[in-house]
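In what follows, a single structure is set out as C-alpha cells and then discussed.
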Amino acid sequence: MAELASSTVTPARERILEAAERVVGDVGAARMTLDGVAQAAGVSKGGLLYHFPSKESLLGALAKRYVESMTDCVEQAKTGTGETDGRDLKACIVGILAQQPRAKIAGMGAALFAAAANDLALLEVIRERIAQYTKQLESSDVDFARAAVVTLAIDGLMMRESMRISCFTEEQRELVVQQLLQIADEAYRRG
C-alpha cells in the first residue's frame, strides 16, 4: 500500500518534494533529515512517511523529478525552436540552459547529488534517460561526436552551477550557450 501511495501525485507529495529540494540545497544531502523535510513542507513526519517510507525513497523521487523536469524543459523548448534539423539538440540547449531558472537548476542538481551521495542505485532513472537519449542521437541524422560534445557541455555547465562553482559571468555564460547552439547547427549540416 505504501508503494502505491508513494507514486500518487498529490499536493502534499509535491510540497514534500519541493521542500526536500530546498533542504538539500540549503544543508546538503548528509544533513538532510526526514524531520527537517517534514517541517519545511509543513506536514507531519507520518504524513511524509506515507508518501516516502524512507530517506532513500525520497531521494529516489528527487532523482526521478530531476529527469522529468529536464525532459519537460526540453519538450517545451522544442515548440519554440521551430522545425529545423537541429531542433532536438537545440531544444536541449535552450530548454536546459537558456530557459530554466538558475536557482531551479541548482536546487535540482543538489537533489541529484544528494541521491548519488547516499546510493548510486538511485541514479538509475537518470542513467536510463541518458542511455535513451544517446540511442536517439545514434539513430538520428546528426554528427554523433558533435552532438555528444554539446550534451556533455550542457551537463558540465549544469553540474558547475549545481555545485555553485561556476565562475562565468552572465555574458560569458551567454557566449557559451550561443557557441553550443552554433555547434548544434553544424552537427546537422550535411557534407
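Table for the structure above
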quantity	calculated
Accessible-area value, Glu68, 1.4 Å probe, nucleic acids and ligands omitted, Å²	90
Among 48-55, 71-78, 18-25, the order from most to least packed when residues are scored by Cβ within 10 Å on average	18-25, 48-55, 71-78
Cβ-derived FRET efficiency at R0 41 Å, Ser57 paired with Gln179, nearest 0.05	0.55
Under 12 Å from Lys90, Cα to Cα: aspartates and glutamates that are on another chain or at least 8 residues apart	Glu75, Asp185, Glu186
Inter-site label distance for Gln132 and Arg31 at 7 Å from Cα along Cβ, in nm	3.5
Principal axes of region 107-191: Cα extent on each, largest first, Å	47, 34, 14
Label zone at Ala148, where the point sits 7 Å out along the Cα-to-Cβ direction: region 110-135 residues whose backbone N lies under 16 Å	130-135
Reachable lysines from Lys55, criterion Cα separation under 25 angstrom, eight or more residues apart if same chain	Lys45, Lys64, Lys104
Glu68-Gln172 FRET efficiency (beta carbon distance; Förster radius 30 Å; 0.05 resolution)	0.50
Global size of region 144-188 as Cα Rg and Dmax, reported in angstrom	11.1, 33
Cα lying deepest toward the dipole's positive end in the chain, options Gly95, Ala131, Ser44, charges on Cβ	Ser44
Average projected area [Cα convex hull, the chain], square nanometres	11.7
Order of exposure, largest accessible area first, which applies to Ser44, Ser69 with probe 1.4 Å	Ser44, Ser69
Computed [θ] at 222 nm, deg cm²/dmol, the chain (DSSP H ≥ 4; -39,500 (n - 2.57); rounded to nearest 500)	-24000 deg cm²/dmol
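The values are calculated or read from the model by the stated rules, or taken from the named source; none is laboratory data. Source: prediction; values computed, not measured. Counting neighbours? That spans all protein chains shown, and the Cβs are built from the backbone with ideal geometry, glycine included. Note: areas computed on protein heavy atoms with side chains; ligands, DNA, RNA excluded. Shrake-Rupley method; radii C 1.70, N 1.55, O 1.52, S 1.80 Å.
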